[in-house]
Amino acid sequence: MKTSAKARTAAAVLGLAAALTLGAALIPGNRPAPAPAATARVELAETPGSAVSLDGAIRALTDRLRRLPADHLAWARLGAAHIQQARVTADPSHYPRAEKALAKAAALSPGDPEVLTGLAALAAGRHEFAEAVRLARSSVAANPYGQGAHAVLADAYTQLGRYGEARRAVDRMMELRPGVAAFTRASYDAELRGDRATARRMLEHALSDAFSPADVAYCRHYLGELALHSGDLRGAAEQYRLALEADPGFVPALAGSARSAALDGRTAEAIGRYATVVARLPLAQYVVEYAEVLAAAGRDPSEQWALLRAQRSLTREAGVRDDLTWAEYEADHGSPALAVTHARAEYARNPNVVAADALAWALHRDGRSREALPYARRATATGWRNALLLHHRAEIERALGMAGAAGRSAARARAANPSFSPGLPALARLS
């Protein structure tokens with residue numbers, strides 16, 4: 001998993017959290033809060049749910065642990081709930097709470113597969129994907145049938161650029177339990193390979209399997225994203241509308257509708273929606289998008305940039321490593337030299353196609369296009385029809401005097417997404 005005008009005011013920043021990539025383990029569906037006496041089970045392989053349902057799970061588990069402090073599964077599930085809450089609310093303070101709960105669980109039962117899956121999900125949430133793989137593999141060794149561990153593996157392998165292994169993890173999820181979590185990951189795998197027809201079909205299978213409002217909204221949202229990045233703004237807007245019809249509180253769909261409005265030239269509408277998005281869910285991606293739309297409209301985005309910078313210290317304090325956001329920000333809006341530093345750090349840890357693109361673009365913006373070209377080629381090597389990556393490659397090739405290659409890359413970018421706007425790069429990134 002990739003945000004809102006995440007920046008609002010310095011006071012709001014104090015409540016901000018880490019910007020999480022689409023690739024990290026997805027969070028549970030919107031289920032009713034369990035009865036206080038129950039051991040609430042918080043799955044790690046499903047789709048985003050509401051903060052309210054997670055609050056109920058956290059209260060139920062906390063009550064249980066007051067009575068049964070040696071219940072390692074309750075500690076593990078409390079940790080999982082805090083991980084999900086961090087993602088739903090963009091509040092990184094939940095990560096230290098998750099760490100504390102999972103440490104208790106591990107002390108009580110270190111080899112339990114659910115405990116190991118929780119620790120793997122925490123590592124993924126903090127962008128420590130190699131550690132997430134190690135822990136998830138240990139969980140699979142203890143219980144080969146655990147869907148959550150395979151979900152973390154699929155996401156972490158994707159972030160590490162190990163796409164074949166990610167695909168095998170998704171295939172295993174399909175064998176164990178074909179459903180929303182498996183189909184949506186299969187869709188992303190197909191999209192990375194440039195197979196949009198399969199990506200759409202997998203999302204439609206996920207939608208057919210969805211039953212909760214959150215699941216329906218989640219699937220509709222990603223159908224909208226697929227349409228948006230294909231240049232079908234009208235189709236994207238309709239999917240976002242249907243997502244919000246299913247779950248009016250599903251902020252990613254509201255962000256998608258702001259994105260499609262901005263790309264369709266409905267700037268005032270987009271700005272109004274982004275303001276609501278950022279107020280509800282201050283993620284880094286949304287902050288950058290909001291700031292870019294404001295700047296394109298001739299309005300001052302400095303408040304958003306200030307919030308984004310303030311957010312950085314909060315994410316660091318919560319143990320989240322996010323060089324990617326800062327590589328992209330500095331390359332497009334700040335210091336290209338700093339962008340190179342961040343991009344190298346990100347690519348060294350997580351050599352995926354997005355990190356390769358970030359490093360290529362940072363080097364190019366720093367006047368080092370010759371060094372950038374191999375990374376731009378790596379970024380476009382999977383066949384992903386991503387207009388931003390192809391545009392970056394075209395610009396790098398053009399700077400090197402490779403007119404023919406630049407023309408071909410630019411044509412591929414236009415074919416991939418006729419609605420792509422180079423002046424609004426964040427809107428072309430995967431949310």
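A few points about this structure:
Each row is one residue, and each column tells you yes or no for (1) part of a helix (DSSP H, G or I); (2) closer than 19 Å to Glu225 by Cα; (3) among the acidic types (Asp, Glu); (4) open to solvent by 10 Å² or more (accessible area, probe 1.4 Å).
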residue	(1), (2), (3), (4)
Leu242	yes, yes, no, yes
Gly249	no, yes, no, yes
Gly256	yes, yes, no, no
Ser260	yes, yes, no, no
Gly265	no, yes, no, yes
Gly272	yes, no, no, yes
Val288	yes, yes, no, yes
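- Residues of the stretch 112-151 satisfying the condition of being modelled with pLDDT under 95, part of a helix (DSSP H, G or I) and among the aromatic types (Phe, Trp, Tyr): none
- Condition check for Pro351: farther than 21 Å from Tyr290 by Cα, open to solvent by 50 Å² or more (accessible area, probe 1.4 Å) and assigned to a loop (DSSP other than H, G, I, E, B): yes
- Qualifying residue in the stretch 306-319 (condition: in contact with a Lys or Arg (Cβ under 8 Å, 6 or more places away or on another chain), crowded, with 17+ Cβ neighbours inside 10 Å and not in a helix (DSSP H, G or I)): yes
- Members of the stretch 351-402 that are under 26 Å from the mean Cα position of the chain (by Cα) and among the β-branched types (Val, Ile, Thr): Val353, Val354, Thr380, Thr382
The values are calculated or read from the model by the stated rules, or taken from the named source; none is laboratory data. What you see is a predicted model; the values in this text were computed from it and never measured. A quick note on method: Cβ atoms are made from the backbone with ideal geometry, for glycine too, and the neighbour counts reach across all protein chains shown. All accessible areas refer to the heavy atoms of the entire protein, side chains included, with ligands and DNA or RNA removed. Shrake-Rupley method; radii C 1.70, N 1.55, O 1.52, S 1.80 Å.
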